[in-house]
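The numbers here are math on the coordinates, done by the rules we state, and not lab data. Predicted, not measured: the structure shown is a model, and the values here were computed from it. Cβ atoms come from the backbone with ideal geometry, glycine included; neighbour counts cover every protein chain shown.
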Amino acid sequence: MTSEIRHSPSDIRYPPSCVDPLLQARLERNELAVAFAQELIAELGRVRAIPILARAINRMQSEAARALAGQLGDNSLAALGEYFRRRAREQGILEVLEASEQRLTIRILRCPSTEAFRRLGLDEIAPLFCASDHAFIRAFNPQIRLSRTQTIARGGACCDHVWEEEEGT
């Protein structure tokens, strides 16, 4: 009989020289969520727990999108493009490849969230956050659609996001 290895909060603290600030922030932000997710999975099993977690993540991301639109004072693709340009300058983990009124294309080169979930021992949660990007954009602006061919969480070299304004809007 094997027992599941669980990580205690002290297991994820790394010396500052080992973890960059973006990763440390993700570790701290997700530590409690991972603990709850592990307990939910242990109690209900993966088949029942994962859809519940996905719904909760979608709801959380939708709320974050509405808050971002409010913070920006604008829910246009242009405003979202400017937001990602600022993040690219500040964080250095993504590139804005195209930003216009009708289309926004970014490439995420590194995903601290995926890294954090892996270090916290529940990397299967990361793809749920990727999937919630669709709920995020619907809440940000229902006239914008997201397409993507790969994510880091699913083994891709990068995350390639393309947002487009729907025709006729």
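Let me know the longest stretch in the chain that avoids all GluC sites (Glu not before Pro) found in a DSSP loop with at most 15 other C-beta atoms within 10 Å.
Numbers: sites that count: E4, E101, E166, E167.
Between exposed loop sites, the widest span is 5-100.
For the chain, what is the charge dipole size about the Cα centre, in debye to the nearest 20, if Lys and Arg each add +1 at the Cβ and Asp and Glu each add -1 at the Cβ?
Computed charge dipole of the chain: roughly 260 debye.
Using Cα atoms only, what is the angle between the long axis of helix 77-91 and the major principal axis of the chain, expressed in degrees (0 to 90) to the nearest 10?
Helix 77-91 sits roughly 50 degrees off the main axis of the chain.
Label-point separation (nm) for E98 and S147, each offset 7 Å from Cα along Cα-to-Cβ?
Calculated label separation equals 1.0 nm.
So what's the angle, to the nearest 10 degrees on a 0 to 90 scale, between helix 21-44 and the longest Cα principal axis of the chain?
For 21-44 against the chain, the angle is about 60 degrees.
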